[in-house]
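The values are calculated or read from the model by the stated rules, or taken from the named source; none is laboratory data. Predicted model only: the values in this text are computed from it and were never measured. Cβ atoms come from the backbone with ideal geometry, glycine included; neighbour counts cover every protein chain shown. Side chains included, ligands, DNA and RNA excluded: accessible areas come from the protein's heavy atoms. Shrake-Rupley method; radii C 1.70, N 1.55, O 1.52, S 1.80 Å.
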Amino acid sequence: MQTLRNVPRLSPLHNSKSMRARRQLCVECRGSPISREDLFRYTNGRFLTEEGAQFSKRYVRFNVDQLCDVVASVSGSKRSPVSKIEKLEGGFSKALLMTTEDGSEYIVKIPCPNAGRPMYCTASEVAVLDFIRTRTTIPVPKVLAWSSDTTNAVGAEYIVMERVPGIQIFKKWDEMGESNRISLIKRLTQWEHELSEIQFPAYGNLYYKSSLSDSETVPLDSSIDPEGEFCVGPSCDPSWLIQHGHQLLPGVYRGPWRTLCDMGISLIGRSLVKANQHQNTQLPASLYGSSQDHLSLLHMAREVMPTISENSRLLEMSRPILWHADLHMGNIFVSENDPGKVTGFIDWQNTSINPLFLQVRWPVFLSPPEDYQEGQVMPKLPPGFEDMDDEEKELALYNKAKATWTKAYEVSSFLVNRKCWQGMQIPSPLQGIFRRCGQIWDEGSTPLREVLIEIFLSQRDLGFAPGSLPLHFSEGQIARHKQEFEIYQEWHQMRKFSKEMLDTDDEGWVPPERDLDETKCRNKMLFEYYVSKMRLRTPDEVKNMWPFPLDST
């Protein structure tokens, strides 16, 4: 198996200790000097939940001097040495801006333990970047050197790529003008149309054929890969790994999958293995459900999967497509002088090839605001706008603007990317069974049961002949589930409320500019406020459902 590609050989002279001794290397993070040890540690914030474990899965040690040698070797024949490293860092990778003495800038990514399956994660990201850069007009950074073999001189997997010119779009959005914003949104749907038109033969992840063994590859058609360079291989998503480790879940097939049913059965198999592991303690026990609940629902899902996978409406929207699943403003770069011009899209880590109906979604920054109406309904200011105070007017104007951007994306998708627009109209139960059957360990048993009951109650509307699905729920089972689902929805809303008020995520991330102790105090005050508004639940009941620890230590 070839896991090294495009990695320059380093001359003995360039690797010499004397050469390194003469190198003046400045290491910084957010404008302040840091130690080399700080390069390995996670320093981009703190966590409300399991902080030690959060830090551990983001810790990566590597040979800084050897990495500098790799970057110097791609800088051209003069081999300009690295003079500065600026640590940018993400949640799943070390991101380093490395500057050489001649002023050239390079981005280096080193995956953290939580990024996904070792070797595969890096090999796939590199292949995706190369494929998109050479086969579409979508601007992405060029990879200059990489290694997915941790036995290399650097001691870690890495990707060295060109720095995308320009600036992240959130820094220019407010000043770029409405015409530029709408034009950019339309261009985005055209690029997504390019991706959706590429024909892939299977679901999984994209790789170079040289990175994998023949037994785990499905070759691309010669019409899109005439040189036979790429292939579809196994999924490298971390969900296929044992929790908090690099080991693969035993006895589970990770792709590639040629059919929708095969992929669904593998997702169910993944959940069956996890159901026999320890319980997810991040969920309240009442929401997680018993192991017997999990096994029963998963066996039920496995029974109906072959029939659901043959649903004509679903099959029509199940073509394998490559898609950027995390398109937020931090991942889009525009020209600093001409912000209407996109200069690059970044963060393609774990970009997968999945069914169209699972891939298409609203870009994060264009997600519909509350009360948004799809279709031929243009966003308007609310009734009584003229009587509002200045603060209310400002909020109303912003909500209308946000809805207008969402509408621009919706209409443009309909006009230039019709198949993907249609994919977003697939009934939620048909999408939901594929989303939920692989996530029961993470979400508990209630969401999957909700989907199965929805399918059972609306079989005819979803296109299934009466009696074609081996599903049955009694009135008593449905009534009990309804009560449990109301509790799940309450927990879900509680979690959403607390995350929004604390400005955090599922893991309780606290940005470095905010004080952790202060955030913990706010979390406790928020809990007390929530308890004071609850009439049907005791403080202990709310505490058992509260998403973040309430201790202040």
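Residues with amide H under 5 Å of residue 343's amide H, sequence separation 5 or more or different chain, H placed in the peptide plane at 1.01 Å from N; which? Residues meeting the amide H criterion: 333, 334, 335. The residue 386 and residue 175 beta-carbon pair, evaluated with R₀ = 30 Å, returns a calculated FRET efficiency of approximately 0.65. Each Lys or Arg adds one and each Asp or Glu takes one away; over the other residues whose Cβ falls under 15 Å from the Cβ of residue 338, this sums to +3. A straight Cα-to-Cα reach below 20 Å connects residue 78 with the aspartates and glutamates 65, 69, 101, 102, 105, 162, residues fewer than 8 places away in its own chain not being considered.
Per residue, region 486-552 exposes 63 Å² of solvent-accessible protein surface, assessed with a 1.4 angstrom probe and all protein chains in place.
In this label model, residue 292 and residue 163 are separated by 6.1 nm, measuring between points 7 Å along each Cα→Cβ vector.
Here the calculated FRET efficiency for residue 364 and residue 468, from their Cβ-Cβ distance with R0 = 30 Å, stands at 0.20, rounded to the nearest 0.05.
Pairs of Cα atoms under 8 Å, at least six residues apart: use those to get the relative contact order of the chain, whole percent. Relative CO of the chain lands at 15 percent. Computed 3J(HN,Hα) for region 211-219, one whole-Hz value per residue from the Karplus formula 6.51 cos²θ - 1.76 cosθ + 1.60 where θ = phi - 60°, is 7, 10, 7, 4, 5, 10, 10, 10, x, glycine and proline marked x. Note on region 26-163: with neighbouring protein chains present and a 1.4 Å probe, carbon and sulfur make up 49 percent of its accessible heavy-atom surface. Which residue, 116, 32, 80, has the largest displacement toward the positive end of the dipole of region 26-163 when charges sit on each Cβ (Lys, Arg +1; Asp, Glu -1)? Going by the Cα projections, it comes out as 116. The charge dipole of the chain, taken about its Cα centre with unit charges on the Cβ atoms of Lys, Arg (+1), Asp and Glu (-1) only, comes to about 1340 debye. If you roll a 1.4 angstrom probe over the protein chains with everything in place, what fraction of the accessible area of region 486-552 belongs to carbon and sulfur, to the nearest %? It is 49 percent, rounded to a whole number.
For residue 75, the amide hydrogen comes within under 5 Å of the amide hydrogens of 80, counting only partners 5 or more places away or on other chains and with H modelled in the peptide plane. Summary of packing: across the peptides 119-131, 389-401, the per-residue average of other C-beta atoms within 10 Å ranks them, highest first, as 119-131, 389-401. Mean residue ellipticity at 222 nm, helices only, the chain: -12500 deg cm²/dmol; runs of at least 4 DSSP H residues each add -39,500 (n - 2.57), and the sum is divided by the number of residues.
Judged by the mean number of other Cβ atoms found within 10 Å, the most tightly packed of the peptides 109-118, 166-175 leads the ranking 109-118, 166-175. Label sites at residue 136 and residue 479, each approximated as a point 7 angstrom past Cα along Cα to Cβ, lie 5.1 nm apart. Give me a comma-separated list of calculated 3J(HN,Hα) values for region 412-424, in order, Karplus coefficients 6.51, -1.76, 1.60 applied at θ = phi - 60°, integers in Hz, x for any Gly or Pro. Along region 412-424, the couplings run 5, 4, 4, 7, 10, 9, 4, 4, 5, 4, 5, x, 6 Hz.
Charged neighbours of residue 286, selected by a Cβ distance under 10 Å, balance to -2 (K, R count +1; D, E count -1).
Working note: Karplus 6.51/-1.76/1.60 with θ = phi - 60° gives region 386-396 the couplings 5, 8, 6, 7, 4, 5, 5, 5, 4, 5, 5 Hz, where Gly and Pro are set to x.
Taking a sphere under 12 Å around the Cβ of residue 435 and counting the other residues whose Cβ falls inside, with K and R at +1 and D and E at -1, yields a net charge of -1. On the principal axes of its alpha-carbon atoms, region 151-276 has extents of 54, 37, 37 Å, going from largest to smallest. When the charge dipole of region 221-349 is built from unit charges on Cβ atoms (+1 for Lys and Arg, -1 for Asp and Glu) and taken about the Cα centre, the candidate among 348, 292, 276 whose Cα reaches farthest toward its positive end is 292. Take the Cα of residue 372, step 7 Å toward its Cβ, do the same at residue 28, and the gap between the two points is 3.8 nm.
Amide H contacts of residue 84 (H built 1.01 Å from N, in plane; Pro and chain starts excluded): 26, 99 sit under 5 Å, all sequence-distant by 5 or more or on other chains. Against the longest principal axis of the chain, how steep is helix 516-533, in degrees 0 to 90 to the nearest 10, with axes from Cα atoms? In the chain, helix 516-533 runs at an angle near 10 degrees to the longest axis. Computed about the Cα centre, the dipole magnitude for region 26-163 is approximately 220 debye when only Lys and Arg (+1) and Asp and Glu (-1) carry charge, each at its Cβ. Protein heavy-atom accessible surface, 1.4 Å probe, per residue over region 26-163: 35 Å².
A full extension of the chain between residue 326 and residue 461 corresponds to an added length of 45.4 nm, given 0.36 nm per residue minus the alpha carbon distance.
Counting only protein heavy atoms and a probe of 1.4 Å, the accessible surface of region 204-275 is 51% carbon and sulfur.
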